[in-house]
Amino acid sequence: MSALRSRVIMTSLLPALVYASAAVFLVGMGWRLAAWLRAPVPLNIVLTPGPATAAGVARRLGGEALLFRSLFGADRWLWVAAWVFHISLVLLAVGHVAGLVVPELARASLGLTEDQFHQLAEVTGGVFGVLAVVPLLCLLLRRLTMERLRYISTFSDYFALALLLLVIATGDQMRFMGALDLARARQFVSGLLSFHPVAPPSDTAFVAHLLLVCALLAYIPFSKLVHLGGLLLSPTLNQRNNAREHRHVGPWDRLQAGGSPISSQGPRA
Ligand code: HEM
C-alpha cells in the first residue's frame with residue numbers, strides 16, 4: 001500500500017470510524033434508556049427492606065452504583081473482582097482525560113512539573129492497567145471452570161469479556177512495552193474532539209487500541225454491558241417502600257369505558 005493511501009486511511013477512515021461508533025453508542029444508549037423510561041410501572045415492586053423516603057432511595061442507589069452493595073451480600077469473591085474492575089475503569093477514564101485531553105490543566109492543577117506528571121501517569125496508568133486486567137481474567141476463569149456457569153454462558157458473555165480484555169491489553173502494551181509518541185496521540189485526540197482530525201501516531205498498538213474501543217462502544221448498547229445505564233432505572237431499586245401510604249395507580253387500573261387503558265401512568269410515588 002502506498003504511503004499516501006495509508007495516510008488517507010489514517011486521517012479520514014479512522015476518525016470516521018471513531019465518530020460512527022460514538023454515534024451508535026449515544027443513539028443506542030438513548031434508545032435503550034427511552035424504552036426503559038417509557039415502560040409502565042404499574043406496581044410497587046421495591047425490594048424489601050426498602051427505603052421510605054427519596055433520600056433513602058438516593059442512598060440505596062448510591063450504595064449499589066458505587067459499592068455494589070447487593071453483590072457484596074451475595075458473593076464476596078465476585079464482589080472483589082467486579083468492584084476492583086469497575087473502579088479501575090473509572091480511574092483509567094480519569095487518567096485518559098487528564099493525560100490525553102487536558103494534560104496542561106491537569107498538570108497545573110496538581111502543581112506538578114512535566115517530569116512529575118509523567119511519573120504519576122506511569123505509576124497510576126501501570127497500577128490500574130494491571131488492576132483492570134486481573135479481575136477480568138478471574139471472571140473469565142470463573143465462567144470457564146464453574147460447570148453451572150459454563151452451562152448458562154452464551155457467545156455474548158465471552159465476547160464482552162474478550163473485547164474488554166483486548167482493549168486493556170493493547171493499552172497495557174503501550175504503557176509497558178511501547179514507544180508511543182504521546183504528543184502525537186494528544187494532537188490526534190484534540191483533533192477528534194475539535195472535529196478537525198489529524199493523522200494518528202504511527203503505532204500499531206495505538207491503532208489497535210482505538211479500533212477495539214470503537215468496537216466496544218458500538219457493541220455496548222446491544223449487549224449486557226448496557227447495564228451501565230440501566231441500574232438507576234430499576235424499579236426494584238428506585239421505588240420507595242410506601243405502598244401503605246400511597247395508592248399506586250397503573251394504566252391497567254384505570255380502564256376507560258371502551259376498554260383501552262388511559263395513557264398516563266399515574267403517580268410513580
Ligand atoms: C473503553 C475505553 C478505554 C479503555 C478501557 C482503555 C484502557 C487503557 C489502559 C488499561 C491503558 C494502560 C494504562 C494507562 O496507560 O492508562 C491505556 C493506555 C492508553 N490509551 Fe486507552 N483505553 C480506552 C480508550 C482510549 C481512547 C478512546 C484513546 C484515544 C483516542 C486511548 C488512548 C490510550 C493511550 C494513548 C494510552 C497509552 C498512554 C501512555 O502510555 O502514556 N484509550 N488505555
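As a ratio to 2.2 N^0.38 Å, the alpha-carbon radius of gyration for segment 1-147 is 1.47. Oblate is the label for segment 28-98, because the ratio a/c of its alpha-carbon gyration tensor axes (a ≥ b ≥ c) is 1.5 or higher and a/b is not greater than b/c.
The mean sequence separation of alpha-carbon pairs under 8 Å and at least six residues apart, normalised by the residue count of segment 2-257, gives a relative contact order of 40 percent. In this Cβ point-charge picture (+1 for Lys and Arg, -1 for Asp and Glu), the chain has a dipole of about 920 debye about its Cα centre. When you filter the trypsin sites (Lys or Arg not before Pro) in segment 6-81 for DSSP loop state and at most 12 other Cβ atoms inside 10 Å of their Cβ, nothing is left. When Rg and Dmax are taken over the Cα atoms of segment 133-240, they come to 17.9, 54 Å. The mean sequence distance of close C-alpha pairs (under 8 Å, at least 6 residues apart), as a share of the length of segment 17-164, puts its relative contact order at 19 percent. Neighbour counting of Cβ atoms within 10 Å sorts the residues Y151, Y158, Y219, fewest neighbours leading, into Y151, Y158, Y219. From the Kirkwood radius over Cα pairs of segment 2-257, Stokes-Einstein at 4 °C and 1.567 mPa s returns a whole-number translational diffusion coefficient of 60 µm²/s. Only helices enter the 222 nm calculation for the chain: every DSSP H run of n ≥ 4 contributes -39,500 (n - 2.57), and dividing by all residues gives -21000 deg cm²/dmol, rounded to 500.
A short reminder: the numbers here are calculations on the coordinates, not readings from a lab. Predicted model only: the values in this text are computed from it and were never measured. Cβ sites come from the backbone with ideal geometry, for glycine too, and all protein chains shown count toward neighbours.
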